[in-house]
Amino acid sequence: MCHTILVSKNYDYLDRSVRRAWTPTGGSDAILPSHATRWLADRTGLPVRTTPAVPDSALTVPESGLPEDAFDALCTVLGQAHVHTGRDDRLGRAGGLSYLDLLRHRGFGEPAVPDAVVAPGDPDEVLRVVEVCAAHDVGIVPFGGGTSVVGGVAALRGDKAAVVVVDLYRLDRLVSVDPVSRLAVFQAGVTGPEAERLLAAHGLTLGHVPQSFERATIGGFAATRSSGQASAGYGRFEDMVEGVRIATPRGDWRLGAAPASAAGPDLRQLVVGSEGAFGVVTEVTVRVRELPTIRRYEGFVLDGWDAGVTAVRTLAQRRVLADVTRLSDPYETDVAFAMSGGWKTALVRRYLRLRKVHEPCLLVLGWEATSKEELAARRHATLRALAGSRPVSLGTPAGESWRHGRFAGPRQRDALLDKGVCVETLETAAYWARLGELRTAVRDALVGSLSAPGRTPVVACHISHAYETGASLYFTVLVPRDADDPETQWRRAKAAACAAIGPLGTITHHHAVGVDHAPYLAAEIGTLGVDVLASVKRTLDPDGVCNPGKLLG
Ligand SMILES: Cc1cc2nc3c(=O)[nH]c(=O)nc-3n(C[C@H](O)[C@H](O)[C@H](O)COP(=O)(O)OP(=O)(O)OC[C@H]3O[C@@H](n4cnc5c(N)ncnc54)[C@H](O)[C@@H]3O)c2cc1C
């Protein structure tokens, strides 16, 4: 299934099946083995049935309501070839990749379809598009990879007559590299794999690898404060951002002049995480590192969640985290073993029983380095700090198996949807002292709201990002889908989880606010915080054309 890694944005521009189903062929048993389906049926009560996606032709798509004068003005800026108002082009940019987005493409609810999709070719054209939209009071939705799982790219009109998706796929250049300062300037539409390919030619890497890596873009990473799987080693995306350029209705704004500055608050961080609500990010200057030449991924098992958390906290506080540090709770470990299946997994389970591990929690550690010596020294430091937690080593096969399968989730999601499963994830973060309570509270909320006669949810959790003061928690939910009203089924569960998160952690560690988390923002940053953001928006976007309904609701 690796071919999608090579799919370029240009190739898939109008191919909605790729965008919707992640794979060109959609879900299939080839990516959800039959033993996994059986396990899921036993565990959750999943009835045996298939519920394939409905054909696009069956979806309702309203006519474009883009005013003629706005259409003409956009064509003047971009040329007609880059202003799309056809049904399929607009449907192809109707929403992101949340479970509810995917449901809408399966005939449950109507996707918010834009009135047009425009594709500017450089930052100046983006600025002129923003100016045209502001002049004609048309909403703008910046669209990178379209992988938002919180409604960030929903084509909401707000109080505007029409809304246009600004697809950034043509902003695909590495603008410059400064190998001395280790800086690279990327246009916003460059995808994760393309960024790494372009940097590798200079012996450099960004090291930002979220699970959506194959499709998400540099601009999207910046706009959402994304966090990659190797964030323990390379940092979160906002740590990598040295400068930004953003096209706002008030003009072009460039930020970032030195590695550190005391010239007032860091305004770059106001743009990072702005989710298109302040304008369209057109270029990002990022800190890059030497390309690793050697890597080692290993699996360990710890007995019980508390022991695992203590182990990861110790690594973080002694500052010897591996670049990838990921701890699964017993439920997620069970899912991982069940999905792997086969005699090797049976052997592992037996081996763990012999070692008297009662509640296996899988810990994946991965180091990347530029020399054997560096890798050995870092690995030694990590393992020395881990020793007190009595890890059972599963060796490199377990680590490599995780590394090879780490982008499989999105593909399996489509296969699971075809089987009638409700499959969704949510994430949060908290300080170490509250992490255990937070996990229990969210787990109880999800299990409680999704349990029904004959229907038992699987709720799995892992830590994928650890800090000296705390960590993120990432939950995956699998439960038979309510055939009649799947949207309400998930909305109820999500609301229960968000209520549980409220007093203990953040409403989002890396998925961003979008539409889904906007109602919870004030509780986290205060009404004063919301007022501050609203006044920044009023300054940069006085008519409110930028991404209506996102971030501030
Ligand atoms: C299967 C899956 C796995 C994921 N795993 C991770 C993960 O490991 N880590 C993580 O951080 N996230 C993850 N995500 C969430 C998502 O991929 C990230 O939020 C990502 O950063 C979005 O990038 P994108 O280019 O797809 O942005 P989009 O989805 O296109 O947009 C996201 C938001 O940013 C805005 N935006 C996009 N580009 C720009 C721009 N140039 N200027 C201004 N605003 C812009 C959009 O309007 C929208 O509000 C995952 C999503 C999926 C579907």
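For this structure, a couple of remarks:
- Pairs are defined by a Cβ separation below 7 Å, a sequence spacing of at least 6 or placement on different chains, a first member in region 326-347 that is part of a helix (DSSP H, G or I) and surrounded by fewer than 21 Cβ atoms within 10 Å (Cβ to Cβ), and a second member that is modelled with pLDDT under 95 and of a type in the set (Ser, Thr, Tyr); the pairs so defined are 337/345.
- Hits in region 496-543 - residues which are assigned to a loop (DSSP other than H, G, I, E, B) and touching a strand residue (DSSP E or B) at 6+ places or on another chain (Cβ under 8 Å): 504, 505, 506, 507, 508, 509, 510, 511, 541
- Residue in region 407-417 that is farther than 13 Å from residue 299 by Cα, away from the ligand (no atom under 16 Å from the Cβ) and not in a strand (DSSP E or B) present: no
- Number of residues in region 387-406 that are in a helix (DSSP H, G or I) and either within 29 Å of the chain's Cα centre (by Cα) or more than 22 Å from residue 321 (Cα to Cα) (or both): the value is 11.
- Pairs meeting the criteria (first residue in region 225-238 and of a type in the set (Phe, Trp, Tyr), second residue surrounded by fewer than 24 Cβ atoms within 10 Å (Cβ to Cβ), beta carbons under 6 Å, at least 6 apart or on different chains) are 234/207.
- Residue in region 184-192 that is away from the ligand (no atom under 12 Å from the Cβ), over 21 Å from residue 147 (Cβ atoms), buried (at least 20 other Cβ atoms within 10 Å of the Cβ) and in contact (Cβ under 8 Å) with a residue 60 or more places away in the chain present: yes
- Exactly one residue among 132, 117 is touching a Lys or Arg at 6+ places or on another chain (Cβ under 8 Å) and outside any loop (DSSP other than H, G, I, E, B), and that residue is 117.
- Of all residues making up region 219-250, the number that are closer than 26 Å to residue 133 by Cβ, near the ligand (Cβ under 8 Å from one of its atoms) and surrounded by 24 or more Cβ atoms within 10 Å (Cβ to Cβ): 8
- Which listed residue is closer than 18 Å to residue 505 by Cβ and either surrounded by fewer than 24 Cβ atoms within 10 Å (Cβ to Cβ) or not hydroxyl-bearing (Ser, Thr, Tyr) (or both), from 481, 434, 455: 434
- Residue within region 251-272 that is at pLDDT 95 or above, near the ligand (Cβ under 9 Å from one of its atoms), surrounded by 17 or more Cβ atoms within 10 Å (Cβ to Cβ) and not small (Gly, Ala, Ser) present: yes
- Any hit, region 512-533, residues being small (Gly, Ala, Ser), more than 16 Å from the ligand (Cβ to nearest atom) and under 16 Å from residue 159 (Cβ atoms): no
- Residue in region 473-492 that is in contact with a strand residue (DSSP E or B) (Cβ under 6 Å, 6 or more places away or on another chain) and of a type in the set (D, E, K, R) present: yes
- Residues of region 135-171 satisfying the condition of being under 22 Å from residue 64 (Cα atoms), part of a loop (DSSP other than H, G, I, E, B) and either near the ligand (Cβ under 9 Å from one of its atoms) or among the small types (Gly, Ala, Ser) (or both): 144, 146, 151, 152, 153, 154, 155, 158, 161, 162, 168
- Candidates 206, 174, filtered to the one that is more than 16 Å from the chain's Cα centre (by Cα), modelled with pLDDT of 95 or more, closer than 29 Å to residue 294 by Cα and within 15 Å of the ligand (Cβ to nearest atom): 206
One line per residue, one yes/no per condition, for (1) assigned to a loop (DSSP other than H, G, I, E, B); (2) closer than 20 Å to residue 468 by Cβ:
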| position | (1), (2) |
| --- | --- |
| 226 | yes, no |
| 242 | no, no |
| 247 | no, no |
| 258 | yes, no |
| 264 | yes, no |
| 269 | no, yes |
| 275 | yes, no |
| 278 | yes, no |
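- Filtered by the rule that a residue be touching a helix residue (DSSP H, G or I) at 6+ places or on another chain (Cβ under 9 Å) and in a helix (DSSP H, G or I), region 419-439 gives 432, 435, 436, 438, 439.
- Selection from region 84-104 of residues that are surrounded by 15 or more Cβ atoms within 10 Å (Cβ to Cβ) and farther than 21 Å from residue 217 by Cβ: 85, 87, 99, 100, 103, 104
The values are calculated or read from the model by the stated rules, or taken from the named source; none is laboratory data. Since this is a predicted model, take the numbers as computed values, not measurements. Here the Cβ is made from the backbone with ideal geometry for all residues, glycine too, and neighbour counts use every protein chain on show.
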